[in-house]
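First up is the structure itself, then whatever we jot down about it.
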Amino acid sequence: MIERAFQLLAALAVLAAPGASLAQAPAAAPATSVVLPTQAGGPPASAPSPAPAVNPNVDLAFGAYQRGLYATALKEATKRVSANPVDAPAMTLIGEIYRDGMSVKRDNAEAARWYKLASELGNREAQFQLAVMLLQGAEGVSADRAAARALLEKAAAQNHSGALYDLGVMAVEGEADSKPDFTKAADYFHRAAEAGDDNAAYSYGVLLRQGRGVALDIDQSAVWLKRAADAGVVAGEVEYAIMLFNGVGVEKDEAAAAKLFAKAAAQNNPIAQNRLAHLYASGRGVPKDLVRAAAWQRFAAAAGLEDKDLDAMLAGLSQSDLAKVEQIVRRQVGQ
């Protein structure tokens, strides 16, 4: 499935600007700090979109698709369209197969053609998927932000969570002739989260915590960020871990925070790696372990996150300890 990270590139530039509440400074906390700062980054990229949502009582086409029998799925879906020229779910499935190159050569233009046919019949998944292609642009498909927005609005009107989320991202990005609209973004993120989008839960939680586009509400922010963390959204894991560690909006629990940092760190989040290193260095939430602290800080530093205070704390490790650090790093890289 296509990842929608491209839609966030412009948004991140906006969010990194001074004063933008979703911009969270990447500077590491001082080694002696007991308050962990927030992480870097804006709304996370959406998870890959699932297969088209359809009636569970459909015929062989979707059953074959779900079992990975893509050639059969394409054949059966084509038969469905031949028998019923307004079978939008089957058209959407054909678009999916061509877009991902499942049993056929990847063909974005052909995928877009099928998505367009289905979207004109009101299929919200086709509208969304075609909008994604138009936002990104691809071989055989020219980018068209205005057309993408129109399609997203149609899908959002049918409560498509991904479309609502992407409209929120576009509101954060702003247009060439307008500034970011965080009030609109908060509304879209909230609606997307209510419709089931966990990345939107993260984004809405951040806006609530910052009081940007919505009334400041730390307690509700914790609720939404916890949902994102529970769903495995890495950015949500880091943000909720910080709230747990500091006891902000939720009961303080350093051990639980450490577990979340460790989970996000294992998924190569440099902020989590740095914060976990601080916890090991200070023995907060985990047993004090300078070797493990140094290992995690190696990963964070390799990703470009410098922390001179932490480096100074770990500078006195013995050659024996440094050898252990190397072992941990190699073992982690080998996973």
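FYI, it's all coordinate maths here, none of it is from the lab. These figures come from a predicted structure and were not determined experimentally. Every residue, glycine as well, gets a Cβ built from its backbone with ideal geometry; the counts of neighbours run over all protein chains shown.
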Q: Pick out, in residue order, every one of the trypsin sites (Lys or Arg not before Pro) in the range 256-335 that is DSSP loop and has at most 15 other C-beta atoms within 10 Å; say none if there are none.
A: Lys288
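Could I get the Rg over Rh figure for the range 271-335? Both from C-alpha atoms, Rh via Kirkwood, rounded to two places. Don't jump to the answer; show the numbers that get you there.
Details: Rg = 10.8 Å, Rh = 11.6 Å.
The Rg/Rh ratio comes out at 0.93.
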**Q.** Counted charge near Ala228, where neighbours are those whose Cβ lies closer than 15 Å (Asp, Glu -1; Lys, Arg +1)
**A.** -2
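Can you give the charge dipole size of the range 271-335 about its Cα centre, rounded to the nearest 20 debye, using +1 on the beta carbon of Lys and Arg and -1 on the beta carbon of Asp and Glu?
Working: 9 positive and 7 negative charges, 50 e Å.
Dipole about the Cα centre, nearest 20: 240 debye.
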Q | Centroid-to-centroid separation of the range 227-270 and the range 66-128 [C-alpha atoms, Å] | A | 39 Å
Q: Return Ile97, Ile218 ranked ascending by Cβ neighbour count within 10 Å, so the fewest neighbours appear first.
A: Ile218, Ile97
Q | Residue among Leu164, Ala201, Ala131 farthest towards the positive dipole end of the range 93-203, charges placed on Cβ | A | Ala131
Q: Can you put Leu208, Leu225 in order of Cβ neighbours within 10 angstrom, beginning with the fewest?
A: Leu208, Leu225
**Q.** Tensor-based shape of the range 127-220 (alpha-carbon gyration tensor, a/c under 1.5 rounded, otherwise prolate or oblate)
**A.** prolate
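Tell me, what is the Rg over Rh of the range 123-279, with Rh the Kirkwood radius over Cα pairs?
Working: Rg = 17.2 Å, Rh = 16.5 Å.
Answer for the range 123-279: 1.04.
Would you list Glu76, Glu110 from fewest to most Cβ contacts within 10 Å? Numbers along the way, then the final one.
On the way: Glu76 20, Glu110 17.
The most exposed by this proxy come first: Glu110, Glu76.
Shape call for the range 63-201 from the C-alpha gyration tensor, a ≥ b ≥ c root eigenvalues: rounded (a/c under 1.5), prolate (a/b greater than b/c) or oblate? Walk me through the intermediate numbers first.
Working: a/c = 2.29, a/b = 1.84, b/c = 1.24.
The shape class here is prolate.
Subtract the Cα-Cα distance of Asp311 and Arg67 from 0.36 nm times their separation in residues, and report this length gain in nm to one decimal. Don't skip to the answer; put the middle values down first.
Details: separation 244, 0.36 × 244 = 87.84 nm, distance 5.04 nm.
Result: 82.8 nm gained on full extension.
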Q: Work out the FRET efficiency for Ser82 and Ala176 from their Cβ-Cβ distance, taking R0 = 35 Å, and round it to the nearest 0.05.
A: 0.20
